[in-house]
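K.L.:
Below you'll find the structure I mean.
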Amino acid sequence: ELGEFDHYMQKEMFEQPQALGNTLEMISGAGQLQPGMFGAEAQAVFEQVDSVLILACGTSSYAGMTAKYWIEQVAGIPCNVEIASEYRYRQSVANPKQLVVVISQSGETADTLAALQHAKSLGHTHTLAICNVPESAIVRETALRFITRAGPEIGVASTKAFTTQLSALFLLTLLLAKANQRLSESDEKAYLDELRHLPVAVEKVLALEPSIKDWAQQFANKHHALFLGRGRHFPIALEGALKLKEISYIHAEAYPAGELKHGPLALVDAEMPVVVVAPNDEMLEKLKANMQEVSARGGQLYVFADGDSAVKSSEGVNVLMMPEHYGLLSPVLHVVALQLLSYHVALVKGTDVDKPRNLAKSVTVE
Ligand code: M6R
């Protein structure tokens, strides 16, 4: 089943262009944005809701955090993201006009299912599942659903499930924006074109593997790593750190780069690799100042940059140029580079990539 690949994780990373193409099939070619993609009642619901609450665990929660940036910026409605295991036991104030979105690859995660049931018990009726398994427990319990078409994900470390969740969440963002009269025809067309081109763009990121492999050598003997990002790339830094922890057992932490001076900078020395997600967007200038703070303490920077950004390699500053700048959808490309990095670090360390110690693919008990 593995074919030319050594691990399921590797196979699944390389399946991402196909998985994205399949998930976005409804808008391929001349296909248009249709609320029906999320269920027959979706249009009516999208017109009624005044905010979004996303509930999920692990990597799926980072997809939700990325979507928060999209939904608030493009659709102009408030969006909150909460870890399912916290939400289910917390006394919260329910807003029946809120759209509750649960995100889960497996559709069987105990805490996410319980969080959904808890939301319903509080009176929420507008519920939507973004899930990779159509007949799963979570999908059976929501009013609306979008099934990602990543295909079976075997590796414990989530890869193609995450990027397809992001593509689904971007479609949701556009539909909410449309329902909220915030999406011009020309913007809609431009965003759909970017989505259609995504598989090709991801393909180009996968082609960076040889350079990322070289970087991985330098991580294998480290005990800690820091991941930095800002804005919609902060959740991508979180996901990069989780991937590294999960499969290479290197302790990794992610911070919004602006938080450096509020504590984590104390950890930075020549032994600390610092991975920076640094696309050429509105946050780059701020991020450059943060990188400077790391360099000044002897920290080793590993920067994923793009476009004609002025981030250049120098002593202690390693820069890898992503093939293209991708605007709002750039998190989808950057995370693929971070997946490759953690995979190759794990290979150098000789860990069990597909079945990391102590973890299960589907967490069906709390
Ligand atoms: O199946 P789910 O998406 O509900 O799973 C949620 C998490 O258990 C999962 O994303 C986990 O964090 C992954 N192992 C991360 O790679």
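The values are calculated or read from the model by the stated rules, or taken from the named source; none is laboratory data. Only a predicted model underlies this, so the values are computations on that prediction, with no experimental measurement involved. No Cβ is skipped: glycine too gets one built from the backbone with ideal geometry, and neighbour counts run over all protein chains shown. Ligands, DNA and RNA are stripped out before the accessible areas are found, and what is left, the full protein with its side chains, is counted by its heavy atoms. Shrake-Rupley method; radii C 1.70, N 1.55, O 1.52, S 1.80 Å.
K.L.:
Name the single residue that is nearest to LEU24 (Cα to Cα) among those in region 332-361 being polar (S, T, N, Q) and either surrounded by 16 or more Cβ atoms within 10 Å (Cβ to Cβ) or touching a Leu at 6+ places or on another chain (Cβ under 6 Å) (or both).
P.N.:
Taking region 332-361 and keeping what is polar (S, T, N, Q), we get 339, 342, 351, 358.
So of that shortlist, the ones also either surrounded by 16 or more Cβ atoms within 10 Å (Cβ to Cβ) or touching a Leu at 6+ places or on another chain (Cβ under 6 Å) (or both) come out as 339, 342, 351.
Numbers: GLN339: 21, SER342: 27, THR351: 34 Å.
It comes out as GLN339.
K.L.:
Would you confirm whether or not region 18-40 contains a residue that is within 16 Å of the ligand (Cβ to nearest atom) and under 21 Å from the mean Cα position of the chain (by Cα)?
P.N.:
Filtering region 18-40 down to residues within 16 Å of the ligand (Cβ to nearest atom) leaves 19, 23.
After this cut, where a residue has to be under 21 Å from the mean Cα position of the chain (by Cα) as well, the list is 19, 23.
The answer is yes; a qualifying residue exists.
K.L.:
Still on this structure, I have one more. Could you tell me which of the residues SER248, SER309 is farther than 21 Å from LEU166 by Cβ, at pLDDT 95 or above and of a type in the set (Gly, Ala, Ser)?
P.N.:
Details: SER309 fails: at pLDDT 95 or above.
Result: SER248 is the single residue among SER248, SER309 that is farther than 21 Å from LEU166 by Cβ, at pLDDT 95 or above and of a type in the set (Gly, Ala, Ser).
K.L.:
Starting from region 47-76, keep only residues that are in contact (Cβ under 8 Å) with a residue 12 or more places away in the chain, then list their pairs with residues that are among the aromatic types (Phe, Trp, Tyr) and within 16 Å of the ligand (Cβ to nearest atom) whose Cβ atoms are within a distance under 7 Å, requiring at least 6 positions of separation or different chains.
P.N.:
Every condition considered, the pairs that remain are LEU55/TYR87; THR59/PHE162; ALA63/PHE162.
K.L.:
Could I ask something else about it? What's the number of the condition THR163 fails, among (1) among the hydroxyl-bearing types (Ser, Thr, Tyr); (2) within 16 Å of the chain's Cα centre (by Cα); (3) within 11 Å of the ligand (Cβ to nearest atom)?
P.N.:
Exception for THR163: condition (3).
K.L.:
Let me ask something else about it. Which of the residues that make up region 112-144 are part of a helix (DSSP H, G or I), among the hydrophobic types (A, V, I, L, M, F, W, C) and within 14 Å of the ligand (Cβ to nearest atom)?
P.N.:
At the first step, the residues of region 112-144 found to be part of a helix (DSSP H, G or I) are 112-121, 137-140.
If we keep only those that are among the hydrophobic types (A, V, I, L, M, F, W, C) too, we end up with 113-116, 119, 137-139.
Hits for region 112-144 are LEU113, ALA114, ALA115, LEU116, ALA137, ILE138, VAL139.
K.L.:
While we're looking at this one, here's another question. Got a number for residues in region 279-292 being without any contact (Cβ under 8 Å) to a residue 40 or more places away in the chain and farther than 10 Å from ALA257 by Cα?
P.N.:
The total comes to 3.
K.L.:
Hey, another quick one. Is it the case that some residue within region 146-159 is over 21 Å from LEU33 (Cα atoms), touching a Gly at 6+ places or on another chain (Cβ under 8 Å) and either touching a residue at least 60 places away in the same chain (Cβ under 8 Å) or open to solvent by 60 Å² or more (accessible area, probe 1.4 Å) (or both)? Lay out the reasoning, then the answer.
P.N.:
Taking region 146-159 and keeping what is over 21 Å from LEU33 (Cα atoms), we get 151-159.
In the following step, the residues that additionally are touching a Gly at 6+ places or on another chain (Cβ under 8 Å) were identified as 158.
This time we only want the ones that are either touching a residue at least 60 places away in the same chain (Cβ under 8 Å) or open to solvent by 60 Å² or more (accessible area, probe 1.4 Å) (or both), so: 158.
Within region 146-159, one or more residues are over 21 Å from LEU33 (Cα atoms), touching a Gly at 6+ places or on another chain (Cβ under 8 Å) and either touching a residue at least 60 places away in the same chain (Cβ under 8 Å) or open to solvent by 60 Å² or more (accessible area, probe 1.4 Å) (or both).
K.L.:
Go through region 84-111 and give me each residue that's assigned to a loop (DSSP other than H, G, I, E, B) and near the ligand (Cβ under 9 Å from one of its atoms). Write out each step before concluding.
P.N.:
Filtering region 84-111 down to residues assigned to a loop (DSSP other than H, G, I, E, B) leaves 88-97, 105-109.
If the condition is that a residue be assigned to a loop (DSSP other than H, G, I, E, B) and near the ligand (Cβ under 9 Å from one of its atoms), then GLN105, SER106, GLY107, GLU108, THR109 are the ones that fit.
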